[in-house]
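To start, the structure itself, in structure tokens.
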Amino acid sequence: MDRQPLFKRRTAISYKTEEETVVRGYNVSDLAEAGYTFYDMLFILFQNRIAAENEVDMLRYETGEFLEHSMSPSAVSAIGVINGRPNLPAAVAASVMTFGSAHGPGAAHGYMMHKYIERARVEGKSIEEMGKILVDEYMDAGLAVMGLGQPQHLDGDPRAEPTHIKHEQLCSGVYLELQRSIEKHFNARRKKEGKEYVAVNMIGAGNTALAELGFSPTAAWCIGCVCRGFSCAAHATFTMKKGRAWGASKREPMVQMLDLSMIKYVGPADREVPTQAERQEYAKKQKEEGEYKKWVI
Amino acid sequence: MGNLDDPRLMYKYRTREHGTVEADPKRARFQWVSEVAYKNVHRIVARGYDTTELVEEGYGLTDMLFIDFQSRIPLIEEEQMLNYVMVCMFEDGLSSPANIARIVASGKTLLTQAAGSSILAFGHAYGAYQTFGKMLDGILAKQAKEGKPLEEVVGAIVKKRLKDPALGVSNLMLKDPMAKRMIARAEKLGVAGKYIPLMKEVVKAAQKLSKEPVDIDMLGATGAVMLDLGFTPEATWCILSVTRAFATGAHYCEENEQEEPVRLGQTLTPKEWYDGPADRPVPTLEERKSVAKAMEAQTPEEWKQIFLERQKIKGSGWAIVEEIDDPKRKI
């Protein structure tokens, strides 16, 4: 059996011999034997350190609450993919890949925070002041301030504020101070503009805590998104075992997600297919008229 | 138009209806049906438990895995054991998931593409938890049905699957004690059920049949423990592939930090690695008529000959026999 790696890389993360697997210098089996947990492993992996107990408690809290969010884009991806009955990992992978600039944009929020904390340092301003500057700069530029608002939990994500409070209890620092300032000034400005209050979401709360725990924006994003992969796997498994493949059966008492009646079409009206003899003239005219441009995506 | 007037067609293509299908008022409207979780404006509930209340009460991710997949709060020992398994499964050096994540990262992609793609490494050989679990369940079902001694049933199955990468027994962990320590820990914590003793029988049978030294490997240890913790083979497959995906995020970071991105067209394949047909001139489209030959078989005999010829073409896929099983199928 060939046990050589596929390609050569110098790595500071881990090595594996016939005798042991070692991550950041620690024998993995010894870590498990000593009672270290999955949460500790995240600190060792991404930060090359053994975490303090309060940090582990915060990470346990956050990953525990972040794992399940019922029907979000990622769960819908997993369910959609498993409808074709591929191997389960395909559905789980799809769910993780669903996270981007709208669904769980953790890394972007982290970079935003770093930029403004650095500016506070360089410009000699307080974090509180910098929160206002951030809000004003984003809102003046017509940009969405990350970490606020959730399309389903209109009165505020039920996880978010408790996460802030737990964060205060366990590991409060500069990130939380900035995030709280952002929330305060964002809503003060909205109030002045006659707009309603927008609560912190799980990026604003969760990512801030992960940043405080020392995770880079990318590492924090990884933790959040991959964590959700667990529950998406449960949704996919449930659908695979108890749902009907394809999601279009007429025999189900409830209309299925891919029932034909679920399709609402808003494109060009049905039209004749031109013959090949007509094609060139037809295409030329279509291009000249330019009506097609409104459908280009 | 084309073949659309062919009388063999099932209906008249020229008079087909236009427009979308009306909603069926006799059936319930579509809803996302779930036994796992729901949410409303103020709550997220998994298997009946409010998730915010769970974490406020001190439950964590590992408890949530029992709740989501098994609809229950785990015993403390079970939660400890799951943590133990996940610590051991977290990182595995430059193995397939890390390699995939690094290759995807080298294209300058999002972290989620790299970490997500690493999960795709888990199949029916690497991290073959579904196949492995079904094998163990199959042994138990067979023994219950046939009433033969367990040792005999295990021996027969292991004989057939000695080289199967999903057996859970191999030469991979002969010098590394991690797999055996994991089994010992499960026994010490009192979470061993029927699968760990069964796995021990599998190991015993494999050691008797194998000419080479073999022992329980990480698939065998983690798989048996997870099944004894009450996770199904499918849940195990999901949980452990996702566990590994966290660490591939670090590989994604390191690849971006330490290596140059790879551009389209950049990577060369040395000619000395090539063992396909010798270089040859491209025929003109005119010459094609005399050079090219259609490959349709008219008889089963012709088909067989063509089939065997095609199997010689590396990369054609004809030499692979893969049955895409319905994963829902019960043992």
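The values are calculated or read from the model by the stated rules, or taken from the named source; none is laboratory data. Just so you know, these numbers come straight off a predicted model, no measurement behind them. Ideal geometry is used to build each Cβ from the backbone, glycine not excepted, and the neighbour counts take in all protein chains shown.
Only a single criterion out of (1) within 30 Å of B:TYR129 (Cα to Cα); (2) part of a helix (DSSP H, G or I) is not satisfied by A:GLY100, namely (2).
Residue by residue, here is whether (1) touching an Asp or Glu at 6+ places or on another chain (Cβ under 8 Å); (2) part of a helix (DSSP H, G or I); (3) among the aliphatic types (A, V, I, L, M) holds:
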| site | (1), (2), (3) |
| --- | --- |
| B:ILE196 | yes, yes, yes |
| B:GLU201 | yes, yes, no |
| B:ALA221 | no, yes, yes |
| B:VAL225 | no, yes, yes |
| B:PHE231 | no, no, no |
| B:ILE239 | no, yes, yes |
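Does A:GLU128 fit the bill of being assigned to a helix (DSSP H, G or I), touching an Asp or Glu at 6+ places or on another chain (Cβ under 8 Å) and away from chain B (no Cβ under 14 Å)? For A:GLU128, the condition - assigned to a helix (DSSP H, G or I), touching an Asp or Glu at 6+ places or on another chain (Cβ under 8 Å) and away from chain B (no Cβ under 14 Å) - is met.
Residue check: is A:PRO217 at pLDDT below 95, more than 30 Å from B:TRP32 (Cα to Cα) and in contact with a His (Cβ under 9 Å, 6 or more places away or on another chain)? The answer is yes for A:PRO217.
Looking only at residues of the range B:31-40 that are in a loop (DSSP other than H, G, I, E, B) and out of contact with any Gly (no Cβ under 9 Å at 6 or more places or on another chain), we find that the one that is farthest from A:HIS235 (Cα to Cα) is B:ASN40.
Candidates in the range B:122-175 are the residues that are of a type in the set (Gly, Ala, Ser) and in a loop (DSSP other than H, G, I, E, B); of these, the one that is farthest from the other protein chains (Cβ to nearest Cβ) is B:GLY147. Close Cβ contacts (under 6 Å, 6 or more residues apart or on different chains) running from residues in the range B:249-271 that are within 14 Å of B:ASN99 (Cβ to Cβ) and touching a residue at least 40 places away in the same chain (Cβ under 8 Å) to residues that are part of a helix (DSSP H, G or I) and charged (D, E, K, R) comprise B:HIS251/B:ARG102; B:GLU255/B:ARG102. Among the residues of the range A:223-256, those that are hydrophobic (A, V, I, L, M, F, W, C) and surrounded by fewer than 19 Cβ atoms within 10 Å (Cβ to Cβ) comprise A:ALA245, A:TRP246, A:ALA248, A:MET254. Whenever a residue of the range B:297-317 is under 26 Å from B:ASP275 (Cβ atoms), its partners that are at pLDDT below 90 and outside any helix (DSSP H, G or I), lying with C-beta atoms within less than 7 angstrom and at least six residues away or across chains, give the pairs B:ILE306/B:MET295; B:ILE306/B:ALA297; B:PHE307/B:TRP318; B:ARG310/B:SER316; B:ARG310/B:TRP318; B:GLN311/B:TRP318; B:GLN311/B:ALA319. Pairs please, first residue from the range B:89-110 and at the interface with another protein chain (Cβ under 10 Å from one of its Cβ atoms), second anywhere and of a type in the set (Ser, Thr, Tyr) and not in a helix (DSSP H, G or I), Cβ atoms under 6 Å, 6+ apart in sequence or on different chains. Pairs found: B:GLU91/A:SER14; B:GLY93/A:SER14; B:GLY93/A:TYR15; B:SER96/B:TYR126.
The set of residues from the range A:17-56 being surrounded by 14 or more Cβ atoms within 10 Å (Cβ to Cβ), under 21 Å from B:GLN258 (Cα atoms) and touching a helix residue (DSSP H, G or I) at 6+ places or on another chain (Cβ under 9 Å) comprises A:VAL22, A:VAL23, A:ARG24, A:LEU42, A:PHE43, A:ILE44, A:LEU45, A:PHE46, A:GLN47. For the range B:43-79, a residue qualifies if it is in a helix (DSSP H, G or I), among the polar types (S, T, N, Q) and more than 8 Å from chain A (Cβ to nearest Cβ), and exactly one does: B:GLN70. So, A:ALA90, is that one surrounded by 15 or more Cβ atoms within 10 Å (Cβ to Cβ), at negative phi and assigned to a loop (DSSP other than H, G, I, E, B) or not? No; evaluated as a whole, the condition is false for this residue.
Cβ separations smaller than 8 Å between residues 6+ apart or across chains give the following pairs from the range A:121-143 residues that are without any contact (Cβ under 8 Å) to a residue 24 or more places away in the chain to residues that are surrounded by fewer than 14 Cβ atoms within 10 Å (Cβ to Cβ) and assigned to a loop (DSSP other than H, G, I, E, B): A:TYR138/A:ALA144. For the range B:196-226, the set of residues classified as surrounded by fewer than 23 Cβ atoms within 10 Å (Cβ to Cβ) and of a type in the set (Ser, Thr, Tyr) consists of B:SER210 only.
If the condition is being more than 9 Å from chain B (Cβ to nearest Cβ) and in contact (Cβ under 8 Å) with a residue 40 or more places away in the chain, then the range A:92-105 contributes only A:PRO105.
The condition of being of a type outside the set (A, V, I, L, M, F, W, C) and either touching a Gly at 6+ places or on another chain (Cβ under 6 Å) or surrounded by 16 or more Cβ atoms within 10 Å (Cβ to Cβ) (or both) does not hold for A:GLY142. Out of the residues in the range B:185-194 that are loosely packed, with under 15 Cβ neighbours inside 10 Å and assigned to a helix (DSSP H, G or I), which is farthest from the other protein chains (Cβ to nearest Cβ)? Out of the qualifying residues, it is B:GLU187.
Among residues of the range B:1-16 that are surrounded by 10 or more Cβ atoms within 10 Å (Cβ to Cβ), those with a Cβ under 9 angstrom from a residue that is in a helix (DSSP H, G or I), sequence gap 6+ or separate chain, pair up as B:LEU4/B:TYR13; B:LEU4/B:ARG14; B:ASP5/B:TYR13; B:ASP5/B:ARG14. In the range A:1-75, counting only helices (runs of 4 or more DSSP H) that sit wholly within it, none holds 3 or more residues that are more than 17 Å from B:ALA247 (Cα to Cα), at the interface with chain B (Cβ under 7 Å from one of its Cβ atoms) and hydrophobic (A, V, I, L, M, F, W, C).
Checked against (1) over 21 Å from B:PHE132 (Cα atoms); (2) surrounded by fewer than 10 Cβ atoms within 10 Å (Cβ to Cβ), B:TYR252 passes all but a single condition, namely (2). Residues being within 11 Å of chain A (Cβ to nearest Cβ), within 28 Å of B:ARG72 (Cα to Cα) and more than 16 Å from the chain's Cα centre (by Cα) are entirely absent from the range B:226-239.
With respect to (1) within 21 Å of the chain's Cα centre (by Cα); (2) touching a residue at least 24 places away in the same chain (Cβ under 8 Å), the lone exception for A:ARG85 is condition (1).
On the given criteria, is B:LEU229 hydrophobic (A, V, I, L, M, F, W, C), touching a residue at least 60 places away in the same chain (Cβ under 8 Å) and either loosely packed, with under 11 Cβ neighbours inside 10 Å or in contact with a helix residue (DSSP H, G or I) (Cβ under 9 Å, 6 or more places away or on another chain) (or both)? Spelling it out, B:LEU229 is indeed hydrophobic (A, V, I, L, M, F, W, C), touching a residue at least 60 places away in the same chain (Cβ under 8 Å) and either loosely packed, with under 11 Cβ neighbours inside 10 Å or in contact with a helix residue (DSSP H, G or I) (Cβ under 9 Å, 6 or more places away or on another chain) (or both).
Quick check: is even one residue across the range B:27-40 more than 30 Å from B:LYS180 (Cβ to Cβ) and more than 10 Å from chain A (Cβ to nearest Cβ)? No, because not a single residue in the range B:27-40 is more than 30 Å from B:LYS180 (Cβ to Cβ) and more than 10 Å from chain A (Cβ to nearest Cβ).
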